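Peer 1: Structure incoming, see below.
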Amino acid sequence: MFRQNGSFAKTMEVLNAIFVLPFVDMFTEPVFFAEVVVGGLLTGVMYSLVALGFVLIFKASGVFNFAQGAMVLFAALTLVGLMEKGVPVWLALIIAAGVMVIVAVVIEKLVLRPLVNQPDIILFMATIGITFFLEGFGETVWGSDIHRLDVGIPDATFEIGGMLLNEFDIWAAAIGAAMVAFLALFFRYTVIGRALRAVADDHQAALSVGIPLKTIWIVVWSVAGFVGLVAGIMWGTKSGVQFSLSLIALKALPVLILGGFTSIPGAIVGGLIIGVGEKVAEIYWGPLIGGAIENWFAYMLALAFLLFRPQGLFGEKIIERV
Amino acid sequence: MLYRESGQYKTSYTDDQAIFPLKQDRWLMAIALVIAFVVIPLTSSEYMLEAVIIPFLIFALAAIGLNLLAGYCGQISLGTGGFMAVGGYTAYKLTTSLPDMNMIIVFLLSGVAAAFVGIMFGIPSLRIKGFYLAVATLAAQFFLQWLFNKVEWFYNYNPSGTITAPPREMFGFVVTGPHATAEARYMITLVVVAVLALVAKNLTRGHIGRSWMAIRDMDIAAEIIGIRPLHAKLSAFAISSFYCGVAGSLFVFTWLGSVETEAFNINLSFQVLFMVIIGGLGSILGSFIGAAFITAVPILLTNAPQFFGFNLPIDLQKHFEVMIFGVLIIFFVIVEPHGLARLWQITKEKLRLWPFPY
Amino acid sequence: MNETRNIGDTLLKVDNISLSFGGVKAITGVSLEIREREICAIIGPNGAGKTSMLNVINGFYHPQEGTITFGGEVRKQMRPHLAAAGGIARTFQNVALFTGMSTLDNIMTGRNLKMKKNFLWQALNIGPARKEELEHREFVEHIIDFLEIEAIRKTPVGRLPYGLQKRVELGRALAAEPKLLLLDEPMAGMNVEEKEDMCRFILDTNDEFGTTIGLIEHDMGVVMDLSDHVVVLDHGEKIADGVPDVVRADQNVIDAYLGVAHD
């Protein structure tokens, strides 16, 4: 009887720790909770930046570009490598952007064009090949040490309403927001943007009305390269430019399934949700199950979400036809 | 003329539905089996068995597993490493708590455990498709890796966090553990892989295989002619994970001997996916060819510079290897998107006529 | 022709079905009956809701209103595989074959519902599983003979010309030994010879196996020749129902096809 009571008490304690205490903590220390949420939002923007590159390429060419992470790494390595050689920041930025255009051209010529009309999985595979190549190439040229990157974004800590915030995070969020706005306008109002949307809808049909597929692909991969460069600067400044930078691709994937592979707003909102969810779970529930949950929590969150809304956040309900 | 089928009449559906309807194929298969069971164990060096042939067989098994799911049923999975981990850890827990259990049964049961886990992570496939599903299976990969790392029970509270294959005997030979000879480990691996490969071939030729392929080629039509997506997809996940699980237990017990969770990381998943794609989606033979290719290439790349007399610094060489590996993958995918198994198919068709042009 | 035909009781009764997607109405209050062993054609201009009707009958779309009675069983909603198990088979407007598989395998999938041996038997390919496989192979070979596609038995269907693909698709549906066979534009895009062949197969199926057939077709000549009974849909509503000659003369039908002057 006593044992039973003991185990009952223990069960209650566990349930209490899972379902009650974290919420109590949130309410009793609202400032800390707000700090966690804001921190999550700011990290979320960084995820969104990476996810954005995926979305651009998927939208325009239907390719699930696994190499986006490697592109982030490669862009950041190029930038930091040039800066270490004494090239001024503005010039290094321009050269790095130029290098990303060259990468886009080479990928289009050597990989995409020979694989037109192949099944998606084959293209996916090819992008994994690109990933390996870019990682190997970048490290062959620039070495595999950790490089410190500082492009002059202020990095001071300040306090608002009791919350400790970092200036750099705010900058990152602002730059992210600006990029999204720019891309959204670009897609909506320019000739290339319209062509992009046509290509995204149907390659063959786009070709038949005279849209140059080659150019479009180069443009898209270049833009994805620039987005990668920006993401690389942000992440590189935060944690140093190193090999593990290419692994943030894996962080962006849950954002993609949450927001949808083709939706730019989806990438943003998805990134924010994942950022906040991950931070909150890590702080309030992580210690209960041994921590280090950041590798899989985002995936589980996205999965749970998909079970209720399979078309993603911004997808339309699909009517299947036969 | 070498590969001629004329003169080989089939008089019953039984003959027509044999695995190898052609005499030439039967001969080739027989030769391959003799090489595998007799020639290799007699002639191969320990290094050859350890570094090349045993991993080749184990990867072939995992590739068959993934091929059943991705190549036959059309559900891409990036969770192979996770499912292999389930197999490896189950085998470890089973044989350390029940030391008398026959190792073959241990391997099969670890496959069963992986199958259950596979079904659980296969459930999202009923709602989501394509790359959404592929990304979702990464959840399995990361979660399982984390689980086996965090929960100490899985590695018997070993402070180093590794699992080590204990010595176990079969037919009077030590087949696992540090004292098992490479030959013994090779033979047990070979038997398991050969039997399971045959089983996979049978499954894909029967109505279960057809229901997978129907789902792969056109899921809506398949549902309307009466194939239940639930059954087809989950059975594909279960059987595929079974294969991966058995491969994972062999990975620990007959190849590496001692592993950490890190051995089952996402790179393992990608490696197996490469094998399937390079070998050929939807081909059992292709799984073997792909496994041979992906096992051999890094070894060749590592040894090539010395062979040509270059002496590169180690880290530079590592980067070169990664680069060349990436290029090779792109190259093969472009040259033969249907995989190396397709090349074999084409060769056979050429040999039917050879040396005549038509 | 009708005198010699042995048409039975109602097999399928569709009662007051309405279906909409969001706000778009696809079918509004349609009722129709198909009787055993008859060939019933559903016709109408593009967008009239014909294919949606078939999708409702075999459980792929779920109507918001109305019931369906098939073989005496009333249902409101159904999963497609249950409809298939109940004996409804169909072909599709755009060929929906399994392109990676051979003709033989495609038709064998039609037998899948009837193959029950579990996977352990099949894994070993011995005893019951092997015997079952061979029995079904024999049945499928009859269908292959019937449709005159012996020569393409082992060809991947992706490589076949369109007309043959349609024929293989019919074979796959027949392999299920359906009580009700739904054909969605079986002759679309065919030349005259291919159409004649297809007509022959449809009539033979109906004659030899006594299969009830529901048919969507645009070629009026074919419809009038083949069918015992014609249902006309327009804008999701039924505007006529009867024997071909009566329907042909119906003013509503003529208006729907030729358009009416609105003045």
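Peer 1: Rank C:48, C:24, B:186 by how far each Cα sits towards the positive end of the charge dipole of the protein assembly as shown (+1 on Lys, Arg Cβ; -1 on Asp, Glu Cβ) and give me just the farthest.
Peer 2: Of the candidates, B:186 comes out farthest on the positive side.
Peer 1: On a 1.4 Å probe surface of the protein chains, which of C:202, C:254 comes out largest in accessible area, and what is the full order?
Peer 2: C:254, C:202
Peer 1: Would you tell me the accessible area of residue B:354, worked out with a 1.4 angstrom probe on the heavy atoms of the protein chains, in Å² to the nearest 10?
Peer 2: 140
Peer 1: For Cα pairs less than 8 Å apart in space and 6+ apart in sequence, what is the mean separation divided by the residue count of chain A, i.e. the relative contact order in percent?
Peer 2: Worked out over chain A, it gives 34 percent.
Peer 1: Can you bin every Cα-Cα distance in chain B into 20 Å intervals starting at zero and give me the percent of pairs per bin, rounded to whole numbers?
Peer 2: 28, 57, 15, 0
Peer 1: Mean 1/r over all different Cα pairs, inverted: what Kirkwood radius does segment A:30-308 give, in Å?
Peer 2: Evaluated on segment A:30-308, it is 19.4 Å.
Peer 1: So, one more: Can you tell which of B:328, B:61, B:343 shows the greatest fluctuation in a Gaussian network model of chain B with Cα springs below 10 Å?
Peer 2: Residue with maximal mean-square fluctuation among B:328, B:61, B:343: B:328.
Peer 1: When the helices in chain A are scored as -39500 (n - 2.57) per DSSP H run of 4 or longer and the sum is shared across all residues, what 222 nm value do you end up with, to the nearest 500 deg cm²/dmol?
Peer 2: -23500 deg cm²/dmol
Peer 1: Go ahead and estimate [θ] at 222 nm for chain C from helices alone: -39,500 (n - 2.57) per DSSP H run with n ≥ 4, summed, over the residue count, rounded to 500.
Peer 2: Mean residue ellipticity at 222 nm (helix-derived): -11500 deg cm²/dmol.
Peer 1: Per-residue counts of other Cβ atoms within 10 Å, averaged by peptide: what ranking do you get for B:86-92, C:72-78, B:146-152, B:309-315, highest first?
Peer 2: Per-residue mean Cβ counts within 10 Å order the peptides as B:86-92, B:146-152, C:72-78, B:309-315.
Peer 1: Within 10 Å of each Cβ in B:273-284, how many Cβ atoms from other chains are there, averaged over the peptide?
Peer 2: The mean count of partner-chain Cβ atoms within 10 Å per residue comes to 2.
Peer 1: How many percent of Cα pairs in chain C exceed 26 Å?
Peer 2: 44
Peer 1: Related question: Cβ neighbours within 10 Å, averaged per peptide: list C:56-64, C:142-150 in order, most packed at the top.
Peer 2: Sorting C:56-64, C:142-150 by mean packing, highest first, produces C:56-64, C:142-150.
Peer 1: Span-like helices, chain B: DSSP H, alpha-carbon axial extent 24 Å or more, mean Kyte-Doolittle 1.6 or greater, which ones?
Peer 2: Within chain B the helices that satisfy the rule are B:103-122, B:314-335.
Peer 1: Students often forget the sequence filter, so: which lysines lie under 26 Å Cα-Cα from residue B:150 once same-chain residues fewer than 8 apart are removed?
Peer 2: Result set, ordered by chain and number: A:10, A:251, A:279, B:93.
Peer 1: Which whole number gives the average, over all residues in B:65-75, of C-beta atoms from other chains lying within 10 Å of the residue C-beta?
Peer 2: 1
Peer 1: Can you list the lysines whose alpha carbon is less than 23 Å from that of residue A:109, not counting same-chain residues fewer than 8 positions off?
Peer 2: Filter leaves A:59, A:214.
Peer 1: Relative contact order for segment B:53-353: what percent, with Cα pairs under 8 Å and sequence separation of 6 or more?
Peer 2: The value is 33 percent.
Peer 1: Rounded to two decimals, what is the ratio between the C-alpha radius of gyration of segment A:125-260 and 2.2 N^0.38 Å?
Peer 2: Compared with the compact-globule rule of thumb, segment A:125-260 sits at 1.30.
Peer 1: Could you pull the accessible area for residue C:111 with a 1.4 Å probe, rounded to 10 Å²?
Peer 2: We get 10 Å² for residue C:111.
Peer 1: Does segment B:203-354 come out rounded, prolate or oblate, given a ≥ b ≥ c as the square roots of the eigenvalues of its C-alpha gyration tensor, rounded meaning a/c under 1.5 and, failing that, prolate meaning a/b above b/c?
Peer 2: oblate
Peer 1: Let me ask you something else. Provide a whole-number value for the mean count of partner chain Cβ atoms within 10 Å of the Cβ atoms in peptide A:104-113.
Peer 2: The mean count of partner-chain Cβ atoms within 10 Å per residue comes to 1.
Peer 1: At a probe radius of 1.4 Å, figure out the B/A buried accessible area, summed over both chains, and give it in Å² to the nearest 100.
Peer 2: So the buried area, both faces added, is about 4000 Å².
Peer 1: Could you name the lysines in cross-link range of residue C:195, using Cα to Cα under 20 Å and dropping any fewer than eight places away on the same chain?
Peer 2: C:166
Peer 1: If we sort B:181-187, A:38-44, B:21-27 on the protection proxy, mean other Cβ atoms within 10 Å, highest first, what's the order?
Peer 2: A:38-44, B:181-187, B:21-27
Peer 1: What does the convex hull of the alpha-carbon atoms of segment A:199-260 project to on average, in nm²?
Peer 2: 5.4
Peer 1: Please report the carbon-and-sulfur percent of the accessible area for chain A; probe 1.4 Å, protein heavy atoms only, DNA, RNA and ligands left out.
Peer 2: 68
Peer 1: Exposed loop GluC sites (Glu not before Pro) only (DSSP loop, at most 10 other Cβ atoms within 10 Å): please give the longest stretch of chain A free of them, not including the sites.
Peer 2: Formally, the longest exposed-site-free interval is A:1-315.
The values are calculated or read from the model by the stated rules, or taken from the named source; none is laboratory data. This is a predicted model, so every value here is computed, not measured. All Cβ positions, glycine included, derive from the backbone under ideal geometry; neighbour counts span all protein chains shown. Protein only, heavy atoms only, side chains kept; ligands, DNA and RNA dropped before computing areas. Shrake-Rupley method; radii C 1.70, N 1.55, O 1.52, S 1.80 Å.
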